[in-house]
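The next block holds one structure in the form of structure tokens; read it before the comments.
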Amino acid sequence: MEKSKILIIYTGGTIGMIEDPITGALNPFDFDHLQDHIPELNKLDVDLTVVSIEHPIDSSNVSPDTWFQLVTIIGEYYEIFDGFVILHGSDTMAYSASALSFLLEHVNKPIIFTGSQLPIGKIRTDGKENLITAIEIAAAKENGHPIVPEVAIYFEYSLYRGNRTTKVSSENFEAFQSPNYPLLAEAGVHIKYNRFAINKVTEHTFFVRQKICTHVASIRIFPGLQREVFQAISRLPQLKGLIIETFGSGNTPTHAWLSEEIMHLNQREVIVVNVTQCTTGAVSQGKYETGVHLERAGVLSGRDITFEAAILKLMYLLACDELSFEERKIYMERNIRGEMSNN
Ligand code: ASP
């Protein structure tokens, strides 16, 4: 059988750093020589190619431009490679994985993000295992089809759906969680794939979107939030989408001013989405009076979506020029890429 061809795309982050033996400072290493730093890669039964984005970055500097660079590379090489591994800082990995899950339509190849908490040059690095297993997952096939044909994150023995993931620790090797969706796979002695949770290969034609709308904002509700503070954001003239981060199952104070402000947003055709501050569970706007007023004012339910996926979905839908305001609202509440559970 032919070896799987995997493209590694390096974007930066801790994983790509090595310690300067003299100063002890962390510097990015030349990824063209990846195999020199991880000789174990030579033992893998895959054909590896490595490319890097133009200027590797700490992922806190990720921007829409980074996502466009990534989807351009993937689009260009989609037919040539069997799978893709994206090396990325962990800080904004969940945002980038969500971004790609929306910008890449009808994905039927593995696109696996990974990174590390310690640089590859450090003796206790988690980067080697993360990279090696991410490559194995990207290369894994059954009956000629990829086992994981979707955008995912591999970190510390767990494979997560990319747009279900959130970073939960800046300290632990287990830095991510997928609080409302099962793991796609667990790596132990063997890699155990949870097939029921993994997308099926699609017959639709893959294509790349290159547009998002950044006229979006979020407001985290807290007891004591003042109308002027809310207005400072909600009255921004260019605003097109707003996420309200609410309590519990989607609740906020029942101030009359809040309903008025939301109705005003609706009149201006700004999409308003309710995302809970809770890590697990879902928004259910009809459950308490403190949620019903939001529904009446026209707020959409984000159900169990993560904040990262919600903001990216909003940016994506707002840039789909073929959709009307009403259609965008329908899609916002509908599961389109596995980012939210069905009702
Ligand atoms: N600040 C780093 C980054 O996100 C942390 C990491 O790589 O995990 O790029």
Projected label distance in nm at H215 and T23, using a 7 Å step from Cα toward the beta-carbon
4.4
Over the alpha-carbon set of the chain, divide Rg by the Kirkwood Rh and report the Rg/Rh ratio to two decimals.
1.00
Under the rule rounded for a/c under 1.5, else prolate if a/b exceeds b/c, else oblate, using alpha carbon gyration tensor axes a ≥ b ≥ c, the stretch 135-280 is classed as prolate
Rounded to the nearest 20 debye, what is the charge dipole size of the chain about its Cα centre when +1 sits on each Lys and Arg Cβ and -1 on each Asp and Glu Cβ?
980
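Y157: net charge of surrounding residues, Cβ under 15 Å, Lys/Arg +1, Asp/Glu -1, itself excluded?
On the way: positive: K128, K192; negative: D126, E129, E136, E156, E174, E186.
My count for the surroundings of Y157 gives -4.
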K167: which lysines have alpha carbons under 30 Å from its alpha carbon, excluding same-chain residues fewer than 8 sequence positions away?
K5, K109, K122, K128, K141, K192, K200, K211, K240, K287, K313, K329
Here the equivalent ellipsoid of the stretch 95-199, derived from its Cα gyration tensor, has semi-axes (largest first, whole Å) of 21, 16, 13
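By its C-alpha gyration tensor, with a ≥ b ≥ c as the square roots of the eigenvalues, how is the stretch 1-94 shaped: rounded for a/c under 1.5, else prolate for a/b larger than b/c, else oblate?
Working: a/c = 2.51, a/b = 1.17, b/c = 2.14.
It comes out oblate by the Cα gyration axes.
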Does a label point 7 Å from the Cα of H55, set along Cα-to-beta-carbon, have any residues of the stretch 13-27 with amide nitrogen under 17 Å, and which are they?
13
How would K313, K141, K240, K43 line up from fewest to most surrounding beta-carbon atoms within 10 angstrom?
K43, K141, K240, K313
Quick shape check on the stretch 222-323: root eigenvalues a ≥ b ≥ c of the Cα gyration tensor, a/c under 1.5 is rounded, otherwise prolate if a/b tops b/c, else oblate, and it reads oblate
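Counting other C-beta atoms within 10 Å, and keeping those with at most 12, which DSSP coil GluC sites (Glu not before Pro) do you find in the stretch 56-109?
E79
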Nothing charged except the Cβ atoms of Lys and Arg (+1) and of Asp and Glu (-1): what's the magnitude of the dipole of the stretch 1-82 about its Cα centre? Round to the nearest 20 debye.
120
Where does each of M17, M93 land when they are ranked from fewest to most other beta-carbon atoms within 10 angstrom?
M17, M93
Quick note on S284, S63, ordering by fewest other C-beta atoms within 10 Å, gives S63, S284
Which one, G291, L236, G224, projects farthest toward the positive side of the charge dipole computed for the chain from Cβ point charges (K/R +1, D/E -1)?
G291
From DSSP H assignment alone, runs of 4+ in the chain each adding -39500 (n - 2.57), the sum over residues rounded to the nearest 500 puts [θ] at 222 nm at -8000 deg cm²/dmol
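Every number in this text was worked out from the coordinates using simple rules, so none of it is lab data. Treat the numbers as computed from the prediction; the structure is a model and nothing was measured. Cβ atoms come from the backbone with ideal geometry, glycine included; neighbour counts cover every protein chain shown.
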